[in-house]
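The values are calculated or read from the model by the stated rules, or taken from the named source; none is laboratory data. Please read these numbers as outputs of a predicted model, since none were measured by experiment. Counting neighbours? That spans all protein chains shown, and the Cβs are built from the backbone with ideal geometry, glycine included.
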Amino acid sequence: MCFVSSRKAMTVAGSIPRSDVLVGSISASRPTAVCSPDDTLVAASDLLQSTGRTAAVIADDEQTVLGVLTENDMLLAFVEGTVSSCTVGQWLHGGEARLPNFLVPPLSLQPDMPLVEAAARMAVMTNGDFACHHLLVDPGDASRNVALLSALDIARGLLVAASAHASDEAMEVAKLAVTCAMKPRAQVPTCTLAESLGDALDLLHSSNQNCVLAIPTSTEDELEKLEEPEGQGAEHAIVGGAITPGDALRAMSERVNCRSLSLGKWLHKSGISPEHRFVSSESSLADAAAIMCKAGIHHLLVEEPARSKIVGVISALDIVRALAATGMASC
C-alpha cells in the first residue's frame, strides 16, 4: 500500500540553528512518500504525483528501508516498455533501480549534517551508473521514519540559510548569477513542439540528460499538427518548455499515450504557467530557487530579457553543485 509518512512536518525557519542549516530540518519540512515493494509502478507514480515528490522510500511491513524509487526509474521503465503491472519490488531487484538496497547506507545522512556537506555528497553521487539526485536522512531512531532529501529540498535550504544569514557559503551561492551555474542551451538536447512526448522521453533517456528543450517552430506543416481537433488555433499550444523525468512520471500516472500526444499539447495541459518555467539571465540563484520551490519544479529555462531568447537551463541540481563547490573551496 502506498502512503505518505505521517512524521510531523516541522517549520523550517523556526527549527534551524542560527549557526547553520541542518538536513534534518530541511527534510522534515515536507512529508516523505513511502511505498511498498508490492505496489505496482503505476500505483507508485500516482503516489508521487499526488504528493509532489520526485522519489519515494521503499519500505517493507517492518518499515525497513529497501531502497528508493525515483522519477528516473519511471523514465527508464517507460523507455523499456515495462508493463504497468510490474511491482516496485520487481523493479528494485531487476538491477536497474537508481537507488537499490546496497546504496542505502552510503546515501544515508544524519539529521545534524550541515546543508553544504549534504550538497557535496549529492554532487558526488550524480555521476556513474547509479546517478541519483536524492539522499536519505536517517534519524537513527526506530520510532522515527527515514526522510528523503531531494535536490529541490537543498535549493529550498539554500533560501532558508541565505535569508537567515545562517551560512556564509549559502549566502555566497544565493547571490551568484544564474548564468554562472546554468547549462548553456547548446548543451541541452532539443525536440520540436510538434514531436511526440514519447520521442522526447526517448531522447531524454538516450542523451543521459535530465532535461530536453521543447522549442517552437515556424513551419506551417508543424503548426497544423498542433491544432486542436475542435479547430482551435495552435498558438495556445505553443508555450515552449522543458521535458524532464517528471513528465514520464506524470504521463504514467495519467495513463497517457505518449506516442500520439505532441509536446505542444502536453506542455499546454501541464498546468504550469509560463512565468513559472522561466527565469531571467540577470537573476540570482536565489531567484531561481524561489521560482522552483514555488512551482515545485526542478528545471527553469533561462531567458535573455532584451531578446526574449532562451540561453540555457538551470536545474535544482545545478544549485546543489554550486553550493557544493563553494563549500569545498572554503575548506
From GLU230, GLU195, GLU172, grab the single residue that is of a type outside the set (A, V, I, L, M, F, W, C) and modelled with pLDDT under 90.
GLU230
Residues that are within 30 Å of THR64 (Cβ to Cβ) and in the same structural domain as GLU117 (by TED's automatic domain parsing): find the strands (runs of 3 or more DSSP E) completely inside region 143-221 holding 3 or more of those.
147-150
What number of residues in region 169-192 are more than 17 Å from GLU304 (Cβ to Cβ) and buried (at least 19 other Cβ atoms within 10 Å of the Cβ)?
6
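Are any residues in region 66-90 in a helix (DSSP H, G or I) and in contact with a helix residue (DSSP H, G or I) (Cβ under 6 Å, 6 or more places away or on another chain), and if so, which ones?
Going through region 66-90, the residues in a helix (DSSP H, G or I) turn out to be 71-80, 88-90.
Within region 66-90, GLU71, ASN72, MET74, LEU75, ALA77, PHE78, VAL79, VAL88 qualify.
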Take the residues in region 283-324 that are among the charged types (D, E, K, R) and part of a helix (DSSP H, G or I); name whichever of them is farthest from ASP153 (Cα to Cα).
ASP287
Of the conditions (1) modelled with pLDDT of 90 or more; (2) part of a helix (DSSP H, G or I), the single one that LYS265 does not satisfy is (1)
Filter region 99-136 down to the residues that are polar (S, T, N, Q) and under 23 Å from ALA181 (Cβ atoms), then identify the one that is nearest to the chain's Cα centre (by Cα).
THR126
Which condition from (1) closer than 24 Å to VAL256 by Cβ; (2) modelled with pLDDT of 90 or more is the one that MET113 breaks?
(1)
So ASN72 ticks every box in (1) surrounded by fewer than 20 Cβ atoms within 10 Å (Cβ to Cβ); (2) modelled with pLDDT of 90 or more; (3) more than 18 Å from GLY24 (Cα to Cα) but one. Which box is left unticked?
(1)
Of ASP39, ASP20, ASP60, the only residue that is free of Cβ contacts under 8 Å to residues at least 60 places away in the same chain and within 29 Å of ASP112 (Cα to Cα) is ASP60
Give ALA123, ALA119 a once-over and let me know the one that is outside the structural domain of ASN208 (by TED's automatic domain parsing) and in contact with a Lys or Arg (Cβ under 6 Å, 6 or more places away or on another chain).
ALA123
Would you tally the residues in region 44-65 being under 21 Å from the mean Cα position of the chain (by Cα) and part of a loop (DSSP other than H, G, I, E, B)?
3
